[in-house]
Amino acid sequence: MNLIPRNFYLDDFFDDMPAKNVGNMKCDIYEKGGKYHIEMDMPGFSKDDIKLETTDGYVTIKATKKEVLEEGGENKNYLRRERSFGEYERSFYLGDFDTESIEASFKDGVLKVIVPKKEAQVNKKTIEIK
């Protein structure tokens, strides 16, 4: 009989902690040369799993990862299962941008999106006071 708990010495402390932000798509957004640049880590996804949409000043990135069941997969007795499957989505408000000139590329698990900003239009008018 073992009177000392298995995690007494914290050897498995981090193994028992709930995983936070599983499937969270981490990204950097910066502005350079009149364009917004979005770089998002998406390991485990393929280009076909990703959709990029724009609506009313928002850029939305959606990704779907489906569970692949191998033959006999439903009979597996998992000891640990951490890989997640499902739909993931992130939206970013960038304001007024040129939707026709957006560029996107995906390589080595990193999605890069370049969003050109629209030129700011100054609608200034002087009103004569009577």
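Any read-out appearing in this document is the output of simple, stated calculations on the displayed coordinates, not a laboratory observation. This is a predicted model, so every value here is computed, not measured. Note that we place each Cβ from the backbone using ideal geometry, even for glycine, and neighbour counts take in every protein chain shown.
Residues of region 32-44 that are assigned to a loop (DSSP other than H, G, I, E, B) and out of contact with any Leu (no Cβ under 8 Å at 6 or more places or on another chain): 33, 34, 43, 44. Taken over region 94-109, residues that are touching a residue at least 40 places away in the same chain (Cβ under 8 Å) and over 14 Å from residue 38 (Cβ atoms) amount to 2. Across region 64-78, not a single residue is classified as under 24 Å from residue 29 (Cα atoms) and either exposed (fewer than 10 other Cβ atoms within 10 Å of the Cβ) or aliphatic (A, V, I, L, M) (or both). Being in contact (Cβ under 8 Å) with a residue 40 or more places away in the chain, in contact with a strand residue (DSSP E or B) (Cβ under 6 Å, 6 or more places away or on another chain) and of a type outside the set (Val, Ile, Thr) is a description that does not apply to residue 63.
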